[in-house]
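Asks: Before we start, here is the structure in question, set down as structure tokens.
Bear in mind that the values in this text are calculations on the coordinates, not laboratory data. In this text the structure is predicted, and so the values were computed from the model without any measurement. Reconstructed Cβ throughout: ideal geometry from the backbone, glycine too, with neighbour counts over all protein chains shown.
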Ligand code: SAM
């Protein structure tokens, strides 16, 4: 099994289209079948996911994707990357490796924030993840943050945060 695109993916896609990013080296973390990578044409995109089946499916669907099977950013030298995008597993009280983030839905999100070093990233969370605490954690790492999208769908609120390293 793998994650099929849902309202979170479509919200992310809308933002990426608006951002109109070109000529960058981008990591699509938790890429699954690569729906977010698809809208980043004109960039060099590398998809990372833990889920082997999802990567095999993406290989079948997309032409020559750059894929790494890995846990978060452990296999990446972030200094060579311009932007990371991440629609993480955020579901509260679930430990499903594809969608679950444990209590508060934050297990993978918090690990990601610990690892992040890249200059610019986009991270999706939901209201139940306590976005104000997520933002605080990001800012404590020296990033300025901006809420790029808030979308209320089926009783949940999807939020996409942009983090950008403060220039000193
Ligand atoms: N990017 C797709 C989208 O937007 O539709 C899928 C997003 S889905 C909510 C989360 C993805 O993160 C899943 O494909 C899951 O396998 C992957 N994932 C979960 N934990 C991970 C980890 N530690 N490292 C890399 N990928 C992970």
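Asks: Going through 19, 38, 63, 57 one at a time, which residue ends up being over 16 Å from the mean Cα position of the chain (by Cα) and either within 11 Å of the ligand (Cβ to nearest atom) or within 22 Å of residue 119 (Cβ to Cβ) (or both)?
Replies: Just one listed residue meets the conditions, 57.
Asks: With the requirement that a residue be within 12 Å of the ligand (Cβ to nearest atom) and on the phi < 0 side of the Ramachandran plot, what does the range 24-35 give you?
Replies: Listed by number, the residues that qualify are 27, 28, 29, 31, 33, 35.
Asks: Considering only the range 79-91, I want to know if a residue exists there that is in contact with a helix residue (DSSP H, G or I) (Cβ under 8 Å, 6 or more places away or on another chain) and either over 19 Å from residue 160 (Cα atoms) or more than 12 Å from the ligand (Cβ to nearest atom) (or both).
Replies: No: the range 79-91 contains no residue that is in contact with a helix residue (DSSP H, G or I) (Cβ under 8 Å, 6 or more places away or on another chain) and either over 19 Å from residue 160 (Cα atoms) or more than 12 Å from the ligand (Cβ to nearest atom) (or both).
Asks: Do we find that residue 165 is within 22 Å of residue 80 (Cα to Cα), surrounded by 14 or more Cβ atoms within 10 Å (Cβ to Cβ) and either in contact (Cβ under 8 Å) with a residue 24 or more places away in the chain or under 16 Å from the mean Cα position of the chain (by Cα) (or both) in this structure?
Replies: Against the criterion (within 22 Å of residue 80 (Cα to Cα), surrounded by 14 or more Cβ atoms within 10 Å (Cβ to Cβ) and either in contact (Cβ under 8 Å) with a residue 24 or more places away in the chain or under 16 Å from the mean Cα position of the chain (by Cα) (or both)), residue 165 qualifies.
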